[in-house]
Amino acid sequence: MNDQILMTNDLTKKYKKHTSVDGLNLRIERGQIYGFLGPNGAGKTTTIRMLLGLIKPTKGNIEIFGQSLKKNRLQILQQIGSLVESPTYYGNLTGRENLEAVRRLRDLPEKRVNEVLEMVRLSKVANRLTKEYSLGMKQRLGIAAAMLSNPDLLILDEPTNGLDPSGIQEIRELIKELPEAGMSVLVSSHLLSEIDQMATQVGIINNGKMIFQDSIERLRQKQKPLLKEQGIKADLQNDFLWLSQTEPAFVSDMNASLVHSGVSVYRLEEVKRTLEDIFLELTGTEGSL
Amino acid sequence: MRKILWAEQLKLKRSSLLIIVLLVPLLILSYELVNFTYRAEFVEKQAEMFGAASMWMYLLYDNSLLFGLGFPLAATLTASVIANIEHQANGWKQTLSMPVSRGKIYVSKFMWLTVSLFLSVTIFLIGMVFLGKVLGFGGPIPWSLLIGDCYGMLIAVLPMMAFQFWLSMTIKNQAFSILIGAISAIMGLFLAAAQTTRWFPLAYPSQASTVVLQYEGLGFNQDFSAFLVINLLLVIALMFIGSIHFAKQNVQ
C-alpha cells in the first residue's frame with residue numbers, strides 16, 4: 001500500500017541569500033496524481049529541476065524509485081518523462097522530427113512517435129516545422145516528448161500553460177487516465193481549479209515551504225460550512241444572519257423559530273467557502289498577483 | 001554513443017550549418033580565382049621572386065594567411081551554430097534530463113563540429129585541385145602538400161575549436177563567444193609575427209600551411225609536425241576540462 005516512488009528529505013536550494021526551496025519533504029506514491037500547487041515564484045520549478053538533477057540541491061536528498069538521485073541519476077531518469085516550464089522545440093525541425101530526436105536519444109521503438117502524436121492530437125501537424133506551431137501546439141509537443149518513453153513517473157511543470165480551454169480539458173483527461181497504465185504523475189500548477197480537477201494528492205508550497213500535503217479529500221474537508229464552531233449561536237453581519245449548520249431539520253427549525261418570533265426571512269442560502277479561499281488562506285495573500 | 005550522435009545529427013537538419021561550412025572555402029577560392037586570372041602577371045612574377053617550385057606551391061603559400069584567418073572564424077561560427085540550436089530550442093533542460101551522460105552529449109556535439117569542419121577543409125581541398133587544373137598549373141598535383149595544408153589546418157584549429165565550443169555551450173549569448181573567436185583569430189596573425197609568441201596556440205592556424213616563405217624563398221614548413229603534436233595534446237586536455245565543467249553546471 002505504502003509504495004513510495006518519490007521522496008525528498010529536507011530538500012533546500014539557496015541562491016546566495018535567497019532561499020528558493022526550504023526544507024521540502026515531498027512524498028509521492030505509485031499511481032498517484034500529485035498536484036504540486038503554489039503561487040508564481042513559490043519554488044515549484046526549482047524543486048522540479050532538482051528532482052530531474054538539472055540543478056543541485058544546497059541541502060537534503062532525493063530518492064526516486066528507492067534510489068538516491070545523486071548516485072543513480074541516469075538509471076532513475078530512464079523511468080522519468082518530464083516537461084519543465086516552457087516547452088523545448090527545435091524550430092528547424094518538424095513536430096515528428098522533434099520527437100524522433102528524443103526517440104533516438106532514448107533508444108525507443110519507432111512506433112512510439114506516432115502513438116504519442118496521436119495522444120496529444122498533433123498527428124495532423126506532425127510534418128510542419130515547429131517554429132510555425134502555436135504555443136498550445138508546442139506545449140502538446142512537450143507533453144508528447146515527456147510521454148514518449150512510457151515512463152513510470154511523469155513530471156509535468158505547468159502543462160496546461162498556453163492551452164485553450166478545450167486543450168486544457170483534453171490534457172486533463174489524458175493525465176487522469178495515466179495511473180490506469182501504472183504511471184504516476186507529478187503535475188505542478190499555480191491554479192487550484194486545475195489541480196482540483198485531476199489530482200488525487202496535493203502539495204501546496206509557498207515561499208519555498210510546504211504548507212499542506214495530503215489527499216485532495218483532506219483539502220476539501222476544510223470546506224465546512226461557515227461559523228460551525230459557534231453551534232446554534234448565530235452571527236449578525238450587515239443584515240445577514242450567519243448560521244453554522246445547514247442540516248434541513250436544523251434550518252427549518254431555525255426558520256420556523258425565526259418566523260414565529262416575528263423575524264421575516266426572505267431567503268435561506270448555503271454559502272460554502274470556495275477552494276480558492278482555502279488556497280489563499282493557506283498561501284497568504286502576498287503570493288497572489 | 002551512436003544513438004546520441006544520430007539524435008544530434010537530426011537536430012542540425014535545416015540549420016545554417018551548411019552555409020558556414022561552405023562559406024570560408026568558397027570565399028578564399030573565389031579570391032584566388034580572381035588573383036590568378038586578373039593579376040596573373042604579378043602573381044607569376046612574385047612566384048618567380050619567391051623561388052616557388054610550382055604554381056601549386058605559390059597557391060598554398062598565397063592562401064595561407066587568408067585561410068589562417070578565415071578558418072578560425074569558420075570554427076567559431078560553426079561551434080556557435082551547433083551550440084545555439086540547443087540554446088534556442090530551450091533544449092538543455094530536456095536533453096540533459098534524458099538518461100544520457102552529459103559528458104557524452106558534450107563530446108557528441110563536438111564530434112559534429114569536427115565533422116562539419118572536416119567537410120569544410122575537404123571542400124577547400126577539392127576546390128584547390130579544381131582551381132589548379134582549370135588554371136593549368138604545371139607539374140604533377142602535389143597531393144601530400146595539398147592534403148597536409150587542408151587537414152593540417154583542421155588540426156591547427158582544434159584547441160581553439162574546443163575553447164570556442166566550450167564558450168558557446170556554456171554562455172547562452174552567442175555574441176560573446178563570436179566576439180572572442182573573432183579577436184582570437186586576428187590575435188593569431190599578430191602573435192605569429194614574433195619569434196616567441198608564434199608558439200602560442202592561437203598563432204598556429206596562420207602558420208599551419210605546408211608551404212611557408214623562408215629566408216631562401218618558399219619551402220616546406222619545418223614546424224608543421226610540432227604544431228600537430230602540441231595541438232592534439234591540447235585539444236584532449238581542453239575537451240576533458242570542458243566536458244567536466246559542462247557536466248557539473250546547473251541547468252536553468
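For A:Arg49, the solvent-accessible surface with a 1.4 Å probe is about 20 Å², rounded to the nearest 10.
Helix A:135-147 against the longest principal axis of chain A: what's the angle in degrees, Cα atoms only, rounded to the nearest 10? Approximately 70 degrees, to the nearest ten.
Please work out the C-alpha center-to-center distance from the stretch A:103-148 to the stretch B:1-51 and express it in whole Å. Using only Cα atoms, the two centres lie 38 Å from each other.
Beyond 26 Å between alpha-carbons counts as too far, so tell me which of A:Lys111/B:Lys13; A:Lys16/B:Lys11; A:Lys44/A:Lys138; A:Lys124/A:Lys176; A:Lys71/A:Lys138; A:Lys131/B:Lys104 fall in that bin. Those over the limit are A:Lys16/B:Lys11; A:Lys71/A:Lys138; A:Lys131/B:Lys104. Computed on protein heavy atoms with a 1.4 Å probe, the accessible areas place B:Val251, A:Val271 in the order A:Val271, B:Val251, largest first. Rolling a 1.4 Å probe over the protein heavy atoms gives chain B an accessible area of 46 Å² per residue.
Roughly how tilted is helix A:95-106, in degrees to the nearest 10 and between 0 and 90, from the longest Cα axis of chain A? Between helix and principal axis, roughly 70 degrees. For the stretch B:1-44, a reduction of at least 30 Å² in accessible area between the chain on its own and the assembled protein chains (probe 1.4 Å) is found at B:Lys3, B:Ala7, B:Leu10, B:Lys11, B:Lys13, B:Arg14. Take every Cα pair under 8 Å whose residues are at least 6 apart in sequence, average their separation, divide by the length of the stretch B:66-164, and the relative contact order is 50 percent. The apolar share of the surface of the stretch B:2-247, taken as the fraction of accessible area on carbon and sulfur atoms (1.4 Å probe, ligands and nucleic acids excluded), comes to 73 percent. Only protein heavy atoms count here, probed at 1.4 Å, and on that basis chains A and B bury about 2900 Å² of accessible area in total. Taking all protein chains together and rolling a 1.4 Å probe, A:Glu281 ends up with roughly 120 Å² accessible. In summary, the helical segments of chain B meeting the span-like criteria, namely a full DSSP H run, a Cα extent along the axis of 18 angstrom or more and a mean Kyte-Doolittle hydropathy of at least 1.6, are B:17-38, B:174-193, B:224-248. Taking 7 Å steps out from each Cα toward its Cβ at B:Phe176 and A:Lys70 produces label points 2.9 nm apart.
Of the residues B:Leu135, B:Leu12, A:Leu77, B:Leu213, ranked by 1.4 Å probe accessible area with the largest first, the sequence reads B:Leu213, B:Leu135, B:Leu12, A:Leu77. Ordering B:Phe71, A:Phe250 by accessible surface, largest first, gives A:Phe250, B:Phe71; the 1.4 Å probe counts only protein heavy atoms, with every chain in place. The distance between label points at A:Lys209 and B:Tyr38 comes to 7.6 nm (points 7 Å beyond Cα on the Cα→Cβ vector).
Against chain A, whose longest principal axis comes from its Cα atoms, helix A:248-260 is set at around 30 degrees. Shape summary: the protein assembly as shown maps onto an equivalent ellipsoid whose semi-axes, from the alpha-carbon gyration tensor, are 68, 22, 20 Å in decreasing order. Look at the Cα gyration tensor of the stretch B:2-247: its axes a ≥ b ≥ c give a/c of at least 1.5 with a/b over b/c, and that counts as prolate.
Taking all Cα-Cα distances within the stretch B:1-63, those exceeding 14 Å account for 68%. Summed over qualifying helices (DSSP H, 4 residues or more, each -39500 (n - 2.57)) and divided by its residue number, chain B shows a 222 nm mean residue ellipticity of -25500 deg cm²/dmol.
Result for chain A in a Gaussian network model with C-alpha springs under 10 Å: among A:Leu83, A:Leu37, A:Leu105, the largest mean-square fluctuation is at A:Leu105. How far is the Cα center of the stretch B:78-108 from the Cα center of the stretch A:19-77, in Å? Going from one Cα centre to the other spans 22 Å. When only alpha carbons of the stretch A:4-221 are considered, Rg and Dmax amount to 16.9, 50 Å.
The relative contact order of chain B comes to 30 percent, based on Cα pairs under 8 Å that sit 6 or more residues apart. Taking every protein chain into account, the 1.4 Å probe leaves B:Leu119 with about 80 Å² of accessible area, to the nearest ten.
The values are calculated or read from the model by the stated rules, or taken from the named source; none is laboratory data. Just so we're clear, the structure is a prediction, and the values are computed from it rather than from any experiment. Using ideal geometry, Cβ is built from the backbone for each residue, glycine included, and neighbour counts are taken over all protein chains shown. These accessible areas exclude ligands, DNA and RNA; they are computed on the full protein's heavy atoms, side chains included. Shrake-Rupley method; radii C 1.70, N 1.55, O 1.52, S 1.80 Å.
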